[in-house]
Structures are given as C-alpha cells and as structure tokens.
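J.: What follows is a single structure, and I will ask about it in a moment.
The values are calculated or read from the model by the stated rules, or taken from the named source; none is laboratory data. Nothing here was measured: the structure is a model prediction, and the numbers come from that model. As a convention, Cβ positions derive from the backbone with ideal geometry for all residues, glycine included, and neighbour counts pool all protein chains shown.
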Amino acid sequence: MLEVLAYLFEQFYNADGLPDVSQLAKKLSLAGFEGEDIHDALAWLGELKQIDVTPYRALDTHSGALRSLQPVELARFSDEAAQFLFALDAAKILSAGERELVLDRVWREPEGEVSAERIKLIVLMVIWQKRDALSNLLIEDLLFGRDGAALH
C-alpha cells in the first residue's frame, strides 16, 4: 500500500484535491496497482478525511511539556514502532497535539501490537494535512526512504 500512497503523493499532493473515489480507483488500476493495495489506500484516505485535528491543537501551547508513555501504552507498540515514535518525538517532528493524535489513533487499532509500518501510516495521516516544508520532507522520507525507493 505504501507504493500507492507514494504515487498519490507524487501525483496529487500539491493539487487542489484528489479525484472522486471511483475515478481515483480507475487511475490507480491503470497505473498498475493491485486491487487490494488500491482498496487499502482508499480506506487510508477515508480515515485521513475523518481526522479532526482541532481538539489536539490546544495541546500545542504546552510544547515544553514532557510526555512519557505508560506501560499499558508502550505495550501496544512493537519495539521498532516505539523506536520510530521516540525518534520523531526526540527530533520534535510532531507537535504535542500531533503526538497525542497519533497515540489516540494507535488505541483505535485492533488489539495487539502495532507494527512499525502501521505507525508510519498513522503518522502519515497526521502530517499529510499540514502541507509545510518539514512535513513534505518527512512524507517523502516515509514513502520513499533515503535512497528514493518506495518503502515496502
């Protein structure tokens, strides 16, 4: 699915919006993507549209506040996913509100450990809407990696 999101980023990120779902599905199919990947990417876009960042913005006024994960929270993350989130936090890539939004999205996941790939998709959801230079760089890094190849 990351390949589909990489394609969407390249084709539509700077556009005014995406085509409607049926047109987008056709474009993705014509571009050579598999049905399951298209379905997953369209579901991801549906989740993206439902995110309301407004309640989380109030947390950004407390940017100096420390946040540590409780053991029950930390237990939801794979080791790699936790390391990724800690690295974003240490680099101050996510604001306090964005970090809490990511954590809330993790709690909406089905029971069990959240993988690094899934946490990256959640972070993508949170930052995709920002459209600033730092977010664009992070999106490119998440989707294409440092060597320019789409992540798998």
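J.: Please pick out the residue among Ile127, Ile119, Ile93 that is aliphatic (A, V, I, L, M), modelled with pLDDT under 90 and surrounded by 19 or more Cβ atoms within 10 Å (Cβ to Cβ).
T.: The conditions single out Ile127.
J.: Evaluate the following for Leu138: is it within 23 Å of Phe12 (Cα to Cα), at pLDDT below 85 and over 13 Å from the mean Cα position of the chain (by Cα)?
T.: The answer is no for Leu138.
J.: Tell me, yes or no, whether region 8-29 has at least one residue that is closer than 28 Å to Gly97 by Cβ and at pLDDT 85 or above.
T.: No: zero hits.
J.: So which residues in region 92-124 are aliphatic (A, V, I, L, M), under 20 Å from Val72 (Cβ atoms) and not in a helix (DSSP H, G or I), if there are any at all?
T.: Val114
J.: With the requirement that a residue be of a type in the set (Asp, Glu) and under 18 Å from Leu2 (Cβ atoms), what does region 18-39 give you?
T.: Glu34, Glu36, Asp37
J.: Just name the residue that is farthest from Leu124 (Cα to Cα) out of those in region 18-77 that are outside any helix (DSSP H, G or I) and in contact (Cβ under 8 Å) with a residue 60 or more places away in the chain.
T.: Per the criteria, the residue is Val53.
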